[in-house]
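K.L.:
Sharing a structure here in structure tokens format.
The values are calculated or read from the model by the stated rules, or taken from the named source; none is laboratory data. Small disclaimer: the values here were computed from a predicted structure and weren't measured. Note: ideal-geometry Cβ built from the backbone for every residue, glycine included; neighbour counts use all protein chains shown.
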Amino acid sequence: MTKPNDYPVTTAVRALRAAKLSFVPHLYDYVDRGGTAHSAACLGVDEHEVVKTIVLETDARVPLICLQHGDQEISLKNLARHLGVKSVRPCEPEIAFRHTGYKVGGTSPFGTRKPLPIYAERSIEALPRMFLNGGHRGFLVELDPRAALAALSARLVDSRA
């Protein structure tokens, strides 16, 4: 467990504080392409509780964020159908950075450079806790899912593949 005040004060942390959201910071050794399986193993938590932040864009190149359980994939077809668009695809890392201000592996839905619509897998809301990226590689924040999703004005969808 991270000591109080012994974590990076990222744009996401500033946004969490501004929203008056209570969170517990967790640092771990980041590994390229380690993903949520690696972070969950480092923290000794269920990968299902680690929620990944995916920056996507519609066929019209409209950016959005989708939050999904770490151990599940997003159904891009289901999400596109829900949005009423032809298709949805992941953004290239440079484009995602331009929209969010975060590098891949350190993307948080909090404190993005541009306000983006956020969609969350419906079942995330039922988790007792969730671990979300804190805006830096190797840094997760533990949050109450309902409070976090409300603060993000996330729209709940069935996005599982």
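K.L.:
Modelled with pLDDT of 95 or more and assigned to a loop (DSSP other than H, G, I, E, B): does that describe Val45?
P.N.:
yes
K.L.:
Within the range 8-20, count every residue that is crowded, with 18+ Cβ neighbours inside 10 Å and of a type in the set (A, V, I, L, M).
P.N.:
Looking only at that region, the number is 4.
K.L.:
So how many residues does the range 1-42 have that are farther than 15 Å from Ala148 by Cβ, out of contact with any helix residue (DSSP H, G or I) (no Cβ under 7 Å at 6 or more places or on another chain) and assigned to a loop (DSSP other than H, G, I, E, B)?
P.N.:
14
K.L.:
Oh, and also: I want to confirm something. Restricting to the range 99-136 and keeping residues that are surrounded by fewer than 19 Cβ atoms within 10 Å (Cβ to Cβ) and touching a Phe, Trp or Tyr at 6+ places or on another chain (Cβ under 7 Å), which single residue is nearest to Ser75 (Cα to Cα)?
P.N.:
Gly105
K.L.:
Next question. What's the number of the condition Val104 fails, among (1) assigned to a loop (DSSP other than H, G, I, E, B); (2) modelled with pLDDT under 95; (3) over 23 Å from Phe23 (Cβ atoms)?
P.N.:
(3)
K.L.:
Looking only at the range 27-51, which residues are in contact with a Ser or Thr (Cβ under 6 Å, 6 or more places away or on another chain) and either without any contact (Cβ under 8 Å) to a residue 40 or more places away in the chain or surrounded by 20 or more Cβ atoms within 10 Å (Cβ to Cβ) (or both)?
P.N.:
Glu47, Val50
K.L.:
Considering only the range 55-98, state which residues are surrounded by fewer than 21 Cβ atoms within 10 Å (Cβ to Cβ), of a type in the set (Val, Ile, Thr) and in a strand (DSSP E or B).
P.N.:
The answer is Thr58, and nothing else.
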